[in-house]
1. For segment 228-256, enumerate the residues that are within 26 Å of the chain's Cα centre (by Cα) and surrounded by fewer than 16 Cβ atoms within 10 Å (Cβ to Cβ).
2. Which members of segment 31-57 meet the condition of being on the phi > 0 side of the Ramachandran plot and surrounded by fewer than 20 Cβ atoms within 10 Å (Cβ to Cβ)?
3. Here are the criteria: (1) free of Cβ contacts under 8 Å to residues at least 60 places away in the same chain; (2) touching a Gly at 6+ places or on another chain (Cβ under 8 Å). Tell me which single one residue 237 does not satisfy.
4. I need the full set of residues from segment 66-99 which are among the small types (Gly, Ala, Ser), assigned to a loop (DSSP other than H, G, I, E, B) and touching a residue at least 40 places away in the same chain (Cβ under 8 Å), in order please.
5. Taking residue 137 as meeting all but one of (1) more than 16 Å from the chain's Cα centre (by Cα); (2) part of a strand (DSSP E or B), write down the number of the exception.
6. Inspect segment 266-273 for any residue being free of Cβ contacts under 8 Å to residues at least 12 places away in the same chain and either more than 19 Å from residue 91 (Cβ to Cβ) or buried (at least 19 other Cβ atoms within 10 Å of the Cβ) (or both) and give the result as yes or no.
7. Mind listing just one residue for me: the one in segment 108-130 that is over 17 Å from residue 39 (Cα atoms) and not aliphatic (A, V, I, L, M) and, of those, surrounded by the fewest Cβ atoms within 10 Å (Cβ to Cβ)?
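Every read-out reported here was derived from the displayed coordinates using simple, explicitly stated rules and does not represent laboratory data. What you see is a predicted model, and the numbers here were worked out from it, not measured in a lab. Cβ sites come from the backbone with ideal geometry, for glycine too, and all protein chains shown count toward neighbours.
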Amino acid sequence: MSDAALIRIANALERMSPAPLEAPDFAEAEAFLWHTSPDQLEPIAKVSRVDLDLLVGIDRSRDVLLENTLRFARGMSANNALLWGARGMGKSSLVKAVHAQINAQGLPLKVVELQREDLPSVTRLLALLRGAPYRFLLFCDDLSFSHDDQHYKSLKAVLDGGIAGRPDNVIFYATSNRRHLMPRDMIENERSSAINPGEAVEEKVSLSDRFGLWLGFHPCSQDEYLDMIRGYCAAHGVDVPEERLRAEAIEWQATRGARSGRVAWQFFVDLAGREGVRLD
């Protein structure tokens, strides 16, 4: 093949390749959503969040995560955090509420949400954030791994950073229903069928050890459940007699077969609608 033909092929391939990703204007929003195919950071004008003061029953986790995030936003050392435990108890709500609290104090912290399915692209995202003049909270909600899932290897780039190291201006928070990011029965099955049971799932399980902070979330009590609803009512101006509020809230919880912050919010949304109160 002639040199001219090779040059034409090279030029055609260059035209087909995607253009290098340009960094967005990070000043236009406080939150961004990472997309792939093609890679882009979508600015989010309004984040769906609950005020920090309305999160009930998670006082210790709230205080620890807020302090850790404040240190990071101020340029000091801080740990990556894994928020794990009961469903519907405010893990992702706490991350978003803490971010809002930090920005309310005048500290320009940006949050970037990354879907679990997009973890293989995380090195490209980190390269984009590394040189930006802001500090970033990289957030992955509902993180977990299945038997043949290889995404956990990409997560190491965030937690350990490989040879380049994690960018100093990036911290990583994840939520999961599992402390070790894998179902317990899967851990036991892999160990029982492995040649070396002690190392069968060590690599995946040890991922959780790479988070400096473990914050556990447990099911709420009935009193905490009712306090959540009272807090929502006070914040949104819904005035309902206490006896009626208590009776309807307990009935709602019984029909759902669960009691959590999410169930409390769902009851309040229904109550506000029946009372003719618009939730902005």
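1. 235, 256
2. 37
3. Here residue 237 clears every test but (2).
4. 75, 78, 86, 88, 90
5. For residue 137, the exception is condition (1).
6. yes
7. 108
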